[in-house]
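Down below is the structure, laid out as structure tokens.
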Amino acid sequence: MRGNGTATHSASRQETQVDDQIVQAADQQAGRGEQHGFAHSGIDTCRDPIHAPPPGPPGYKPPLWTKVRQVASDIDMNWPKITGRSCRRLRDMAQQRGAGMRRNAAVRLAVLALALAPVAAFGDDSPQVVLAQPGTGGAGATGGGAIERYTIRFNQAMVPLGDPRAKAPFKTGCAGTGRWVDPQTWVFDFAAPLTGDAKCSFDAVEGLKSVAGYSFSGRANYTVESGGPRALAVLPSGDEIEEDQVFLVAAPVAPTRASVAANAYCAVDGLGEKIPVDVLDAGLPAKLLGEMGTRNWSVRSFLENAGLPEAVPATPAERQAAYAGITALKCRRALPPGRDMALVWGKGIASASGKLAGTDQRFDFTVRKPFAARFECSRTNPQAGCSPVQPAYVRFTAPVPMSQAAAIRLTFADGKSIAPTFDDDDKKKATISDVTFKAPLPADATAKLTLPAGIKDESGRSLSNAERFPLEVKFDEAPPLVKFAADFGILESAQGGVLPVTVRNVEPALQGKSLAIGGRTLKVGDSDAAVAEWLRTVAAAGETRIEDVKRGDEVVARINHTGDRSILGDQGAGLKLGLPGKGRAFEVVGIPLGKPGFYVVELASPRLGRSLLGRNAPRYVATAALVTNMAVHFKWGRERSLAWVTALDSGKPVANASVQVSDSCTGRVLARGVTDRSGGLMVPKGLPEPETYGSCSDTSTAHPLMISARSGDDFSFALTTWGEGIRPYDFELPYGYSAPSETFHTVFDRALVRQGETIHMKHIVRRPNGSGFAIPPGFSGTLRLAHRGSDTQFDLPLNIDARGVGETSWTVPQGAPMGDYDLRIVRGDDVTYTSQSFKVDEYKLPTMRASVTGPKAPAVRPKSLPLDLYVGYLSGGGASNLPVDVRVGWFAHSANPEGYEAYTFGGAKVEEGTRAMNGDGDDRETPLPPTQTLPATLGGDGTGHINVDVPALDGLADMRVEMDYQDANGEVLTASRVIPILPSAVQLGIKTDGWLMKQDDLRLKFVALDARGKPIKGQKVSVALCRCRDRTRPTSSSPCSRCAGGWRAAGPAGCAASASRWGW
């Protein structure tokens, strides 16, 4: 079985482009409309790689976001970093689309007054850069507008007040000097103004912390360029745009407004002219970005590509200064809908110093389609009317207000009016794009589809095809139907062997007569090969077959040949099936097959042919059925296999049944035998290699096996492909995907060795089998030590004796590469890769020992915790006056008290009302405090004592304390301790029946433990049962039922309740 890999993305420009491609690909695949599950597909994509778009109508693409709404408050700002930025961006897209947002219109001038989110992009205490801006000189002889300095400002104090000589937070290879102008602002003065196309990179130093001890997070690399005002990033970044779209263009230096107006333009496909642009107010970019915040992935991408900090400055003045290099502009006239266009950033655009952009830059977009409506329904063929048994839809190219969508009506000739239906999710939305009329609908009737007068989309656009409405719609009678439940089925002979078939609206010309559908039945003989061949024939009979009629290379017609040929021909006996409902009613009738055996049944209906094939030809429908009272079970193994035969009516074993195993594709018999009194037959080794899947196609190397059983006049069989849903991995059970190979295990006398030292290895070889392990024959070969990270290899002779044991030793030569060495076993051309390795490295033995200890009593909601620190020498004595760094981190507690692993402890308080959930539909976790570093100095005896303030925690958490100290050997070592922080002196645990729980019988077990994990006798508790109304938008409601009890001496107690009245 294959595993999934995990990719970690860095913050480099190249990987940002990769992220963009991933997100765009996901957007295209999942982009079938916000009404069709995108709000969840983006989140599922993070758990499972993208397989297919979410369900939705073919060709449907999501409408643009024309109104900016408040960013969903339930975005998880603590989304794990290990998922990568691509996953985080997909998550943002999913949540924003689920909230009805439309990305590209986020910068429309008409919605500037909407405040979307707090400007602070992060919710923790970590220091981050909020301003990274170059500074230019004057227009004098030495200035000329050239870049002379670079300013970086943090969101909190990084150095103590009054210490301008503190360590620089960023390093650069450019000449110059840095200085702190205040505790939050650091300025780097270049030795000489940057000229030409000079570029300087600034990288955050390792271990950067704030004055409060919090580690730096966020973007750690910034670049300043001295070139002209070329476009670094454009918002929106792609996809569709609106007719009056506003663009934000970021440049390394601010361009002059006049040069932008004169050299930037819009080009529209099919129009041979350049549309001028209007340069908008200089304060507009700062206002828009401040309102949108960085929860939107496209904004974060824009800022990153522009070389700007991800955190948005808090005040308007700071935002104006930070985004001085961003220009807001729009095309001078409205763009034509549905056309491709490009924004061209001209090479003549200049900065205040006169430097030019240097080359034309083109950014391509597509203008959204006109606002239009269309009616869709299912039809049996292109010439037919709408099917009344399938839902009908009204689809808009852009969302419309829900109030107007609810006013759409289908009105029939008899005056009956049908309103659309909306699911619970749709009812909570303000706008909708797809309106559904639920089936069944009136048959053989004509209706008028009426839209409300003056209907507009959420942008205020009128319907472009309004003249088509009211629209006349024809609904046909219910389409003909002749349907078996499956291509093959098993019928119990004790129940009469009656084969059910569903029919509707067949053969209207015969109504009022002894109505019958013509058909044939064939009882297949005693050959297993013939049975297997008929199974394949029946399965292929229903496959879609379409013939393209071409005139040259052009397809002028398509002919449907699906089921237009009989597979029985003249074989078998004729069949006349009487229909009590005379073919008009939807009915299920039975075809009596009678005696045990394998049957092929085929029905023919000219009426069905006219409907589905579109011409006067009968449509054949076939199935295969096995009438039997025996069930055949088969377990396929490598060393042996088991066939087991039981009776269907009693479940008892069938003894003395003749069993045959054959290749279902070729018919070749592989094994025969007779069942014992337990109904079983052991088949010895000799069958083909077990395969979970197989077929008889030319490209398949694995053929399914057919296992048949005969007893008296009864016959039954099974195929090895009949494992769907009951295979071992469907229940997460281990299984032998391939034949087990020999297992090599090496015991090292050490796992870390220096150059010049000798490592001794003992090798043990075993071969797994059905009874455990076997000792393989001895062999001679080569033990290859392969250095991980280079091509260096060392080969040693290897001899495995008859006991499956061998020994080798290796003295590491001087000059051998440092690092890990993997062990490989070489026997001729066969190389076995083991999972074992050892490491060659230079190391020093520690000369000191250290410890961190806390209170002996359990910590129950403490306000502070005293910690005792100690560092001493192994030879004796404490490390006097040794400076140490103490880190305190907070983590979710996952371990259960010993002996109660099956119980669940902890959890947040359940309250009535609506609350935000995380992207998986579960309770949103409360963010834990960030890690903090506290410097300390030990006393003369090597001991120290500190008090750590414990913040208010919501639930059970672990406080992890780590102390870094410098050993006398020159290395930095760490001592640590984990202290559980309990929310209560009583720990309550709950255990359910898991997936065995019944709808009307919930059985719960509870346990009460003290702070040390010991059961509490007689503890009184009350239990409230609540329900969650919706998995996608959960709402906890009032407690529905309560039960109370006390605990026995052993600890647990039970509680049972009926939940059927809640609809669970």
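Would you check if Arg977 is part of a strand (DSSP E or B) and more than 34 Å from the chain's Cα centre (by Cα)? Yes: the conditions hold for Arg977.
Tallying residues that are aliphatic (A, V, I, L, M) and under 42 Å from the mean Cα position of the chain (by Cα) within the stretch 852-880 yields 4.
Tell me yes or no: at least one residue of the stretch 301-322 is buried (at least 19 other Cβ atoms within 10 Å of the Cβ) and either within 30 Å of Tyr393 (Cα to Cα) or over 34 Å from the mean Cα position of the chain (by Cα) (or both). Within the stretch 301-322, one or more residues are buried (at least 19 other Cβ atoms within 10 Å of the Cβ) and either within 30 Å of Tyr393 (Cα to Cα) or over 34 Å from the mean Cα position of the chain (by Cα) (or both).
Scanning the stretch 717-733 for residues that are farther than 14 Å from Pro690 by Cβ and not hydrophobic (A, V, I, L, M, F, W, C), we see that the one that is surrounded by the most Cβ atoms within 10 Å (Cβ to Cβ) is Asp730. Residues in the stretch 701-744 that are among the β-branched types (Val, Ile, Thr) and either touching a residue at least 60 places away in the same chain (Cβ under 8 Å) or in contact with a strand residue (DSSP E or B) (Cβ under 8 Å, 6 or more places away or on another chain) (or both): Ile707, Thr720, Thr743.
Tallying residues that are closer than 25 Å to Thr701 by Cα and modelled with pLDDT under 95 within the stretch 642-659 yields 0.
Screening the stretch 705-813 for strands (runs of 3 or more DSSP E) wholly inside it with 3 or more residues that are within 45 Å of the chain's Cα centre (by Cα) returns the ranges 705-711, 714-719, 743-748, 758-769, 772-774, 779-787, 793-800.
With a requirement of 1 or more residues that are buried (at least 16 other Cβ atoms within 10 Å of the Cβ), the strands (runs of 3 or more DSSP E) lying completely within the stretch 533-584 that satisfy it span 554-560, 573-578.
Table: residues versus (1) under 39 Å from the mean Cα position of the chain (by Cα); (2) under 24 Å from Phe905 (Cβ atoms); (3) part of a strand (DSSP E or B).
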| position | (1), (2), (3) |
| --- | --- |
| Pro927 | yes, yes, no |
| Pro935 | no, no, yes |
| His945 | no, no, yes |
| Gly955 | yes, yes, no |
| Asp958 | yes, yes, yes |
| Glu962 | yes, no, yes |
| Ser984 | yes, yes, no |
| Leu988 | yes, yes, yes |
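Among the residues of the stretch 824-844, those that are part of a strand (DSSP E or B), closer than 15 Å to Ser780 by Cβ and of a type outside the set (Val, Ile, Thr) comprise Arg827, Asp830.
Conditions (1) in contact with a Leu (Cβ under 8 Å, 6 or more places away or on another chain); (2) outside the structural domain of Leu869 (by TED's automatic domain parsing), marked per residue:
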| site | (1), (2) |
| --- | --- |
| Phe779 | no, yes |
| Thr782 | yes, yes |
| Leu785 | yes, yes |
| Gln793 | yes, yes |
| Arg803 | no, yes |
| Gly819 | no, yes |
| Arg824 | yes, yes |
| Gly854 | yes, no |
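Residue pairs whose Cβ atoms lie under 7 Å apart, sitting 6 or more positions apart in sequence or on different chains, and linking a residue in the stretch 939-959 that is modelled with pLDDT of 90 or more to a partner that is acidic (Asp, Glu), are Thr943/Asp868; His945/Asp868.
Looking at (1) surrounded by fewer than 16 Cβ atoms within 10 Å (Cβ to Cβ); (2) within 23 Å of Leu194 (Cβ to Cβ); (3) at pLDDT 85 or above, find the lone condition where Lys167 falls short. It fails just one condition, (2). Filtered by the rule that a residue be over 21 Å from Arg767 (Cα atoms) and not acidic (Asp, Glu), the stretch 809-836 gives Ser809, Trp810, Thr811, Val812, Pro813, Gln814, Gly815, Ala816, Pro817, Met818, Gly819, Tyr821.
The values are calculated or read from the model by the stated rules, or taken from the named source; none is laboratory data. Given the structure is predicted, the values throughout are model-derived calculations rather than measurements. With ideal geometry, Cβ positions are generated from the backbone for all residues, glycine too; neighbour counts draw on all protein chains shown.
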